[in-house]
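Each remark here refers to the structure printed beneath this line.
The values are calculated or read from the model by the stated rules, or taken from the named source; none is laboratory data. Predicted model, so just to flag it, every value in this text is computed and none were measured. Quick reminder, even Gly has a Cβ in these numbers, built from the backbone with ideal geometry, and neighbours come from all protein chains shown. Surface accessibility is based on the protein's heavy atoms, side chains included, excluding ligands, DNA and RNA. Shrake-Rupley method; radii C 1.70, N 1.55, O 1.52, S 1.80 Å.
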Amino acid sequence: MAGVVTAAPATATGPAAIPQGPGAGSVPWLLLMPATAALVLLFVLPIGYVLLLSFTDPQVSLAHYQRIFAVPLYTRILFNTFATSLTVTVICLLLAYPLAYVISRRNDWISLVLLICVAVCFWTGFIVRTYAWLVILGNKGPVAAVWQGLGLGAPPQLLFTSFASTLGMTHILLPYMVLALYSVMKKIDPNLLRAAASLGARPNAAFRAVFLPLSLPGVVNGSILVFTICLGFFVTPILLGTPKDMMISQLVNQQIEELLAWGFASAIAVVLLIATSIVLAIYNRFVGLDRLWG
Amino acid sequence: MKTSGKSGQNRRQVLKLGGGLVAAAGIGPLIVTERTIAQTRTIYVNTWGGSWTAAEEAAFFKPFTEATGIRVRTVAPVSYAKLKAQVQTGSYEWDITAINQAEWLRAEREGLVEPIDWTVVKKDALFPNAVFANGIAYCALGTNLVYRKDKFPNGGPKSWADFWDVKKFPGTRSLYNNSLRTVIFALLADGVPKDKLYPLDVDRALRKLTEIKPHIKVWWTQGNQSQQLIRDGEVDMMAMWNARASELAGQGVPVELVWNGATVSTTMWGVAKGAPNRKAAWEFIQFAVQAKPQADFSNRLYYGPTNPEAFKHIKPEVAKQLPTYEENYKQIAPSNIEWEAANLASIQERFSQWLAS
């Protein structure tokens, strides 16, 4: 019941406003109410609560923030989280761009098959894909078998390394990048490239001057998507990587689940939120977030 | 019966919604649910899911419902954090949980634990040392040195000192990414006697761990993962939960468990502070810790019974694989729960720091 009562004041002013309104002006406001209420209840209030906890649990102090910056472990994990996310984003972009280009420019069975492969990958659960890497890179997996088959001696340790962890995360996030790029590239009018050619541009120049700038919204969109999802990665680095690759979500989980240290966990989350905002602000300064919408 | 259960469920959902909103506003502790929820005859138990829940279903839930008519619903997975969230918001998803002793002690100190209802629980129906921090001992899980017999035909490691001896026992190794257990194993390997471990000398342990660190192929975090590692031969020896190792042995994987220097952690049954079905919950817990249900559970999953009488009903070939079996128990390194509960946070921080460097 508390839920209904709490929500009531937010909508109470709505119906009363209609007859008094000078006309259409109040209707859009009314239509915005459900979305605004949902955002406030599900997003603004919880984040506010996290912020509050970080200063007040177990007592009012700045101690949690001091600890984050005083203990080398925590700054290290924070730095590692951003460095890993950046690496994965760049690799994803380099791999996905040519793939998306081929899929969007061709109109035959090859593009269809490639698109289906990406989609199937996208729909397969990431835990399943993570465990698949355990098998592929493992002692008895195909990589080790090929290595030994070629007479190269004992296979190198692939599993439980930063390499395996980065590979797994890249694999899981690659479809996001491909689909983000594809959706933008597909809308680029092929006539524009023909027009460039008719004006004397060689294919390379036409690509650089026409196609690449028009595909940038996809690059921006895909990069932000991959980067932000990667910041919160949890299971994959645990299963494939080493403790050195600890990501911030593992730390938050440890504090909440094992130590019941909600105040400290909240402070870590707030620092992550602020750091992410700073990264996005820098990105906006140099690339422009408005490109997101073309 | 049916209708009352259903309305109880609806009320639960309404309260959950209300509780969630109130929690979001940050005034969680003010909500009062005690009088608003009647004692429905269904209890909600927090459980791990999978084979753990299946074993609980057969050993505890089904016989309990048959004996009392009280239905048992399960909620997975076990979450220590949810115990705190439930008590703070006054919105309950489950009444009963089962977590280890040190966690239970810390929860009790934070006021998250319902005191034992001695009008329901009968003291003379309990075994010695059953009660601790308002919880009742459920089962015991060992963390053992486990190795593959096929990799060591001339005899495998017999102690943590052997685990550290990479010359005498070459092979790939794995340890449990758990600060307390690992610190204890390192101290034992460094020659600290089992009964002189506490207070744990973390500096000494980390120095000893630095010796073995290059030889640890993986620091595992999840039970399934530990089984995969030794079953697939990724590692030759490791620290592993006894129940998981015995399960593999039962499937024909050639693993051997070492009891010398193993640690044993006791899981406690307990009730969340203010849980709506607490009377029925205590009735259930009293039922579950009796000899017969405990034995049924141990026969299925290789967790040790806490009730000594249970051994009368456990198959002999299973009994000798359990942590509370006398032969095994006298070889383990006993824990100091009070000390662990007080020092866990700082040990965790130092261990994580060491691991990441």
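The table for this structure:
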| quantity | calculated |
| --- | --- |
| Residues satisfying the stated conditions in the stretch B:205-226, i.e. assigned to a helix (DSSP H, G or I), polar (S, T, N, Q) and within 12 Å of chain A (Cβ to nearest Cβ) | B:ASN224, B:GLN225, B:SER226 |
| Selection status of B:LEU180, open to solvent by less than 20 Å² (accessible area, probe 1.4 Å) and within 22 Å of the chain's Cα centre (by Cα) | yes |
| A:LEU260 vs. criteria over 21 Å from A:LEU53 (Cβ atoms) and open to solvent by less than 30 Å² (accessible area, probe 1.4 Å) | no |
| Among residues of the stretch A:119-154, those that are within 11 Å of chain B (Cβ to nearest Cβ) and either aromatic (Phe, Trp, Tyr) or touching a Phe, Trp or Tyr at 6+ places or on another chain (Cβ under 8 Å) (or both), counted | 1 |
| From B:ILE332, B:ILE337, B:ILE347, residue being closer than 30 Å to B:GLY191 by Cα, within 14 Å of another protein chain (Cβ to nearest Cβ) and either in contact (Cβ under 8 Å) with a residue 24 or more places away in the chain or crowded, with 21+ Cβ neighbours inside 10 Å (or both) | B:ILE347 |
| Residue list for the stretch A:1-55, restricted to those being more than 14 Å from chain B (Cβ to nearest Cβ), at pLDDT below 85, part of a helix (DSSP H, G or I) and open to solvent by 60 Å² or more (accessible area, probe 1.4 Å) | A:THR11, A:ALA12, A:THR13, A:PRO15, A:ILE18, A:PRO19, A:GLN20, A:VAL27, A:PRO28 |
| Meets criteria (farther than 19 Å from B:TYR44 by Cβ and not aliphatic (A, V, I, L, M)) for B:GLY90 | no |
| Flag if A:VAL128 is of a type in the set (Val, Ile, Thr) and either modelled with pLDDT under 90 or surrounded by fewer than 16 Cβ atoms within 10 Å (Cβ to Cβ) (or both) | yes |
| All positions within the stretch B:92-117 that are open to solvent by 20 Å² or more (accessible area, probe 1.4 Å), in a loop (DSSP other than H, G, I, E, B) and within 14 Å of chain A (Cβ to nearest Cβ) | B:GLU110, B:GLY111 |
| Any pair with Cβ under 7 angstrom, 6 or more apart, that starts in the stretch A:182-198 at a residue that is without any contact (Cβ under 8 Å) to a residue 60 or more places away in the chain and ends at one that is open to solvent by 50 Å² or more (accessible area, probe 1.4 Å) | A:ALA196/A:ALA209 |
| B:GLY191, sole failed condition from (1) at pLDDT 95 or above; (2) at negative phi; (3) over 23 Å from the mean Cα position of the chain (by Cα); (4) surrounded by fewer than 20 Cβ atoms within 10 Å (Cβ to Cβ) | (2) |
| Among (1) open to solvent by 50 Å² or more (accessible area, probe 1.4 Å); (2) within 14 Å of chain B (Cβ to nearest Cβ); (3) in a helix (DSSP H, G or I) - the single one A:GLN157 does not satisfy | (3) |
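Residue-by-condition table, conditions (1) open to solvent by 70 Å² or more (accessible area, probe 1.4 Å); (2) modelled with pLDDT under 95; (3) at positive phi; (4) not assigned by TED's automatic domain parsing to the domain that holds B:ILE285:
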position	(1), (2), (3), (4)
B:THR40	no, yes, no, no
B:ILE43	no, no, no, no
B:THR47	no, no, no, no
B:GLU57	yes, no, no, no
B:ALA76	no, yes, no, no
